[in-house]
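Beneath this line is the structure, given in structure tokens, with notes to follow.
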Amino acid sequence: MMNTEATLAPSNLHSPRPGVAPGVRFFDAHPTPDDLRAEVLAGLSSMPKRLSPKLLYDERGSQLFDAITELPEYYPTRTEIGILCDHGEEMADLLGRGRVLLELGSGSSLKIRILLAALEPEIYIPIDISREHLRASAESLAEHFPALAIHATCADYSVPFELPIEGDREGLAAFFPGSSIGNFEPEEARALLGRVAKLIGVGGRLLVGIDLQKDRATLERAYDDDRGVTSAFILNVLERLNRELMADFDLKAFVHRSFYNDALGRIEVHLEALSEQRVQVAGEQFVLAAGERIHVENSYKYDIAGFHQLAAGAGFVPERVWTDPHRLFSVHCLRVEAC
Ligand code: AVJ
């Protein structure tokens, strides 16, 4: 079989180059390198200072996030997996078998394995910003599902991108697990859902994982674990800037702070300078006062009605929602009514 690799530009979208594992084709929309510098400098120049959570997912960041998902405090992953295991057949019935299935932020492509046997898609398109992590995950998946056509697509799903498939297809299936949509401001989340609706077309269905509102203690523990894995994950963004943007952040001078902002219904994750810091980043100087924070991440929590309202604003009709017995997490099947 031909193994293939491609750049995701319209001109060469369908002329891939050789790759590695059978069944896997690799498409690359080349996210970040060109805009990393501009985006970071803009974020550090704003008041308050901020960095985008997508910067967390370099190779090491993706590994640290995988470690977070196994922490006792971090309930979302294991709860969502429980819901997928309990209701996978029903989900597959609703999503429709044999279709093109895309996944936003596929990471290690572990959750999709629960659904793949039941869904038997014609093509699976995992989309992730972390290039080598995506490549390794796609190859590992190909070993377990040798008959599956996998079109691994390295892209930043927070901006418009193209799918590596030919022709006009309607009624695709999409999987967006992990409550990653919580990283976006509600208005951005609505816009992102609207783009997903356009990608999958009228009649297409989206299976999306949404973390639910709950007591402060459970939420705050999930983002500040005893072993310090979350702290290492968040601090890794500074290491990445040191390496990729010739920055000189002193990692010992920053601590990670997570807390629940109940007025806005979101976990906030910040990096706080313990003392005054003067930092060079890509040739520019930034000063942080002692105690000043860089806002790195939000993780919005929804209730079911609130999420349905958001999805309706993007043209989706709710078809079904599943939760766990403790109502920690929810998985929704939504259908595109208009886009
Ligand atoms: C991958 C965005 C869903 O918000 O729970 C975990 C990221 N950050 N611990 C989340 C995260 C700190 C995670 N998402």
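FYI, it's all coordinate maths here, none of it is from the lab. Predicted, not measured: the structure shown is a model, and the values here were computed from it. Methodologically, a virtual Cβ is constructed for each residue, glycine included, from the backbone with ideal geometry; neighbour enumeration extends over all protein chains shown.
Table for the structure above
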read-out	value
Using a Förster distance of 35 Å, the FRET efficiency for Asp66-Leu264 (Cβ separation, nearest 0.05)	0.80
Cα gyration tensor, segment 227-288 - rounded (a/c under 1.5), prolate or oblate	prolate
Calculated FRET efficiency for the pair Ala117/Asp303, C-beta based, R₀ 30 Å, to 0.05	0.40
Selection of GluC sites (Glu not before Pro), segment 123-169, meeting DSSP coil and at most 14 other Cβ within 10 Å	Glu162, Glu166
Gained length - Phe286 relative to Ala338, 0.36 nm times residue gap less alpha-carbon distance	14.1 nm
Net +/- balance of residues flanking Glu319 in space, Cβ distance below 14 Å, scoring K and R +1, D and E -1	0
Whole-Å distance, taken between Cα centres, linking segment 270-322 and segment 62-136	23
For Gly107, distant residues with modelled amide H under 5 Å away	none
Where GluC sites (Glu not before Pro) fall in DSSP loop in segment 47-120, at most 14 other Cβ within 10 Å	Glu70
Rounded tilt (10° steps) of 229-244 against the dominant C-alpha axis of the chain	80
Label-point gap, in nm, between Leu110 and Glu170 - each point 7 angstrom along Cα→Cβ	3.9
Neighbour-count order for Arg327, Arg169, Arg50, fewest beta carbons within 10 angstrom listed first	Arg327, Arg169, Arg50
Solution diffusion estimate, µm²/s, Stokes-Einstein, the chain, Kirkwood Rh from C-alpha pairs, 10 °C, viscosity 1.306 mPa s	77
Cα-based shape type of segment 113-257, given that a ≥ b ≥ c are square roots of the gyration tensor eigenvalues and the cut on a/c is 1.5	prolate
Angle between the chain longest axis and helix 33-45 axis [Cα atoms, degrees, rounded to 10]	40
Residue exposure sequence - Thr79, Thr69 - by fewest surrounding Cβ within 10 Å	Thr69, Thr79
Lysine pairs in the chain with Cα atoms under 30 Å, if 8 or more residues apart or on separate chains	13
Nearest-0.05 FRET efficiency for Asp35 and Arg278, computed from C-beta distance (R0 22 Å)	0.30
Rel. contact order, % - alpha carbon contacts under 8 angstrom, at least six apart, the chain	20
Projected label distance in nm at Lys252 and Arg227, using a 7 Å step from Cα toward the beta-carbon	2.5
Loop GluC sites (Glu not before Pro), segment 227-288, which have at most 15 other Cβ atoms in a 10 Å radius of their Cβ (DSSP)	Glu276
